[in-house]
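Everything below concerns the one structure shown next.
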Amino acid sequence: MKTRAVFVGVWVVAALALAACSKGGEALTRAGYVAKGSAICTKVQKSIDDGATTAFPDKGKVPTADQVAVFVKDTVKPQLRQELSQLDQLNPPKEDRSRVNDILAAGRRGLTTVDDTPVALLEGTTNPLNDYTELSKAYGLKGCGPSGETTTRRLAGLQ
């Protein structure tokens, strides 16, 4: 009998832990998802911008491809992975789940391309994260994607 009680207790703890790790709970409203998602993206963007300021301290000097590759590897990719992971943990409205999944999939595809070609982030319209940024923006999210104003200006050697 004591063994059964312990087994049931372990099972309950495991079930609660699993529930805590899933999106679970009520879905957010679209406004709620956009507010929380934008807060995540804005925070990550600030971290990337701060990293750009540190990585490229010389105003007026365009960084080399090697400097950009290190910045992307050490700052941009980990921050964007965190952004996507945190957005994935939010529970979007049921009617928007497919759209949100498409946004996150675009971000993951873009990061895979950036793994192979870090300087692609500098290539304007061919930037592999443009789809993620545009889909996020169209949904109402603010600040999602790799390049805020500070980062863009630092990479161009303007700030």
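Quick rundown of the values:
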read-out: Globularity index of the stretch 30-135, i.e. its alpha-carbon radius of gyration over 2.2 N^0.38 Å; value: 1.14
read-out: Net charge of Cβ neighbours under 15 Å - reference residue 48; Lys, Arg +1; Asp, Glu -1; value: +3
read-out: Nitroxide proxy distance, nm - points 7 Å out along Cα→Cβ at residue 74 and residue 156; value: 2.5 nm
read-out: Förster radius 25 Å - calculated FRET efficiency between residue 101 and residue 138 (Cβ-Cβ, nearest 0.05); value: 0.95
read-out: Which listed pairs, of 46/73; 73/142; 46/94; 36/61; 36/59, have C-alpha distances above 26 Å, in listed order; value: 46/94; 36/61; 36/59
read-out: Share of carbon and sulfur in the accessible heavy-atom surface of the stretch 23-159 [1.4 Å probe, %]; value: 53 percent
read-out: Mean-position separation - Cα centroids, the stretch 39-86 and the stretch 125-147, in angstrom; value: 15 Å
read-out: Cβ-Cβ FRET estimate between residue 31 and residue 112, R0 fixed at 30 Å, reported to 0.05; value: 0.45
read-out: Modelled FRET efficiency - R0 25 Å, residue 126 with residue 62, Cβ distances, 0.05 increments; value: 0.85
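The values are calculated or read from the model by the stated rules, or taken from the named source; none is laboratory data. What you see is a predicted model; the values in this text were computed from it and never measured. Cβ: placed from backbone, ideal geometry, glycine included. Neighbour counts: every protein chain shown. Heavy atoms of the whole protein, side chains included, go into the accessibility calculation; ligands, DNA and RNA do not. Shrake-Rupley method; radii C 1.70, N 1.55, O 1.52, S 1.80 Å.
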